[in-house]
Structures are given as structure tokens and as C-alpha cells.
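Here is the structure we will look at.
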Ligand code: SAM
């Protein structure tokens, strides 16, 4: 591969993902800002505005990490809302819990350690499901999509924000250079961890392109599946409805 990163066996993936996020948890929010030039904030805002949250809704943010998406949802609705932040990595959740205490947001957020592939929530229990920069780390994406569909109520919305594939040739070259050369270098410089960031870049390259991912969402049972590219596909927001 361009980065020299070895192909990862499926059974090693969960372990590797676990290590990556344990290593990056404490620097995660700073690194997000550095690597996206702050753009991830706008992308998450776009995700939440598409979700169009309403007071009293019951929402599940999977791979919710340090709570970035959940805090934004809370900002747009009142505190009656229940937002579950589910993540497989307790270190990421712990950073999120600390942020919640600092912000005085202790009532509406529920932090739950759990796996996107086997959610510990009942069928038809959620009004909304979001997953931001998370699904490409999941070992069996199809399973995570079926689980998303299972936990949503009828009329519930699935929204996925993910780094995707750039389809404009010149921009693609610039983006490839940025991601394969600059990101691991910044990871090493700032977080002292080149490998974790190299893994993150490699996982973007392997993630299915927009149209294929849309088909996977439909295969999981979702209707009205569509996607929106941001910055020519650097990021895409896929959505679907459970009817
Ligand atoms: N959504 C947050 C955000 O946008 O800031 C965090 C995104 S972070 C890049 C990816 C997160 O996915 C990590 O916190 C990681 O622990 C979590 N993750 C990876 N595999 C997972 C799985 N199978 N189930 C739940 N969370 C998972």
C-alpha cells in the first residue's frame, strides 16, 4: 500500500481499533481540530441539522467517543431529551463524561459502553441514530447497519457521517498526499503515535465508496437512502429512514 501499512486480518481489527482509540483518547479532540483544520465542527453541525432533533426525542449516538455529536444535539433541543452515547472504548467515554461535567450537562446524556454490532438497546426504541466517523472502524459494517435498523422506531432516522471518497481528480491527489504523508507525521509530532494515525488513514481508503455504502444501508432495510458529499466527498453524510 502507499503507506506501507499491512493488511489487517478481520479478527485482529477489533483489537487494533481498541488500541488505536485507547492511544488517541486524550488527544482526540485536539487532533480532530488539527487534522481537519476545524472542519469536523462544520461537518458535525451539518449532521445535526439534517437530523433535525426535537424536544423529548430519544436518540442514540453510536461510536459517540467523547460526545461531540451528542453535545451538539443537546444544544439544539431541551434537556427532556435522552441521548445515549455508545462507544466500545471506555477511555473515549471517560473523556466525554469529564466534558459533560465541565459543561454541566449531566442529566440528558447517558454514557454506555457497547459494540455497534451488538447494541444493548431494545427493538424499536430510538427516534434517531447517528454514527460519526465510527462506522469505518467497525469490523462487520453490515451487522452494525442491521442493529441500527433494529433499535430505531418506525419513522426513525439513521444518519452516518464518514470520511469518504473524493471524486475530483486534482483534489484527490492533494487529499491523498495530505492523508498519507501529512496526517501520520502530525500524529507522530503531536500525539507521539504515528501508527494509530496511519491506521486511521488506511481505514478511510478501504471504506466502501458512497454508492456502495448506500446500497449496504438499503440492504439493512432502510428506505429513502441518500447521501450528501461535503468537500467533494472528503466527507459524506448518508441517511435512511425506517418505515
Ligand atoms: N463520533 C465521535 C466523533 O465524531 O468525534 C468519535 C469518532 S472516533 C473517530 C471513532 C470511535 O468509534 C472511537 O471512539 C471508537 O472507540 C469507536 N468504535 C470503534 N469501533 C466501535 C464499535 N464496534 N462499536 C462502538 N464504537 C466503536
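The values are calculated or read from the model by the stated rules, or taken from the named source; none is laboratory data. Here the structure is a predicted model, which is why all the values come from computation and not from measurement. Cβ placement follows ideal geometry from the backbone for every residue including glycine, while neighbour counts extend to all protein chains displayed.
Annotations for the structure displayed:
- Hits in segment 164-218 - residues which are modelled with pLDDT under 90 and not in a helix (DSSP H, G or I): 167, 192, 193
- Meets criteria (within 25 Å of residue 241 (Cα to Cα) and modelled with pLDDT of 90 or more) for residue 64: yes
- Residue check for residue 100: within 12 Å of the ligand (Cβ to nearest atom) and in contact with a strand residue (DSSP E or B) (Cβ under 9 Å, 6 or more places away or on another chain): no
- In a residue-by-residue description of segment 35-50, the property of being surrounded by fewer than 18 Cβ atoms within 10 Å (Cβ to Cβ), away from the ligand (no atom under 13 Å from the Cβ), modelled with pLDDT of 95 or more and farther than 18 Å from residue 133 by Cβ applies to no position.
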